[in-house]
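Below is one structure, written out as structure tokens; comments come after it.
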Amino acid sequence: MLKIENLSVEINGKRILHDLNLTIGPGETHILFGPNAGGKTTLLMTIMGFPQYRVTQGRILFKGKDITRLTIDERARSGIGIAFQRPPVIRGVKVSDIARSCLQGKEDGKVMETVAAQLNITELLGREVNLGFSGGEMKLSELFQLAVQEPALTLLDEPDSGVDLVNIALVGNAINKLLQGSAGLIITHTGYILNYVNAQKGHILFKGKLCCELEPQKLLATIQEYGYDKCAECPKCRNSSL
């Protein structure tokens, strides 16, 4: 589904990602751990095609096609979806407007309403995107947009951050359902999302390099015990990427 080969990325002339290699198969969900400023969000934004993230080396393959130079909208239309950690407020645009755009003409009068009801956000459809939304409402609105888009690859940037205990189960179950028909790459700091998502592989992104690959729960337990300081002592983190 996704294959990243020898990828290096810079922002404003500063190199952030170093010679990354990553493969996600159809239906697989991968979890991405790592300290702040390690390059996790940069990786997701690069896969999605945001222009400020400049690829200086390597390539990104999606469903066997090289998408390294495609625009954001071309990648979205080909089947890549993203939910942001801190999505922007969009004044003058309703959540229902965004949903209709994601549906790409597939709206049958029931899809949007059905998905909104499942996520308990029907009352948000007529509101401007993220204006006055709580943290949980923002996350659910993002997941709603992805659900109607039905991406083949779902990118989630810390979907469990800023969500209270009342909404975390709703968010987690929504993600689990979304990933049943999609491959996924999820950034998480807390690991809460692992209570809901059946992920196959976990990775640590440390100083711009992928340096570990392990079963996600075991990797999280190791991080909780030792923190990321041990990564600095690891030869893989210092010298190479998987």
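Read the figures in this text as sums done on the coordinates, not as results from a lab. Predicted, not measured: the structure shown is a model, and the values here were computed from it. Here the Cβ is made from the backbone with ideal geometry for all residues, glycine too, and neighbour counts use every protein chain on show.
Some points to look at:
- Cα centroid separation, segment 153-205 to segment 7-71 (Å): 19
- With contributions of -39500 (n - 2.57) from each DSSP H run of at least four residues, the per-residue ellipticity at 222 nm computed over the chain stands at -9500 deg cm²/dmol.
- If you take the alpha carbon atoms of the chain and fit the smallest convex hull around them, that volume is 122 Å³ per residue.
- Protection proxy ranking of 164-173, 195-204, by the mean of other Cβ atoms within 10 Å over each peptide's residues and highest first, is 195-204, 164-173.
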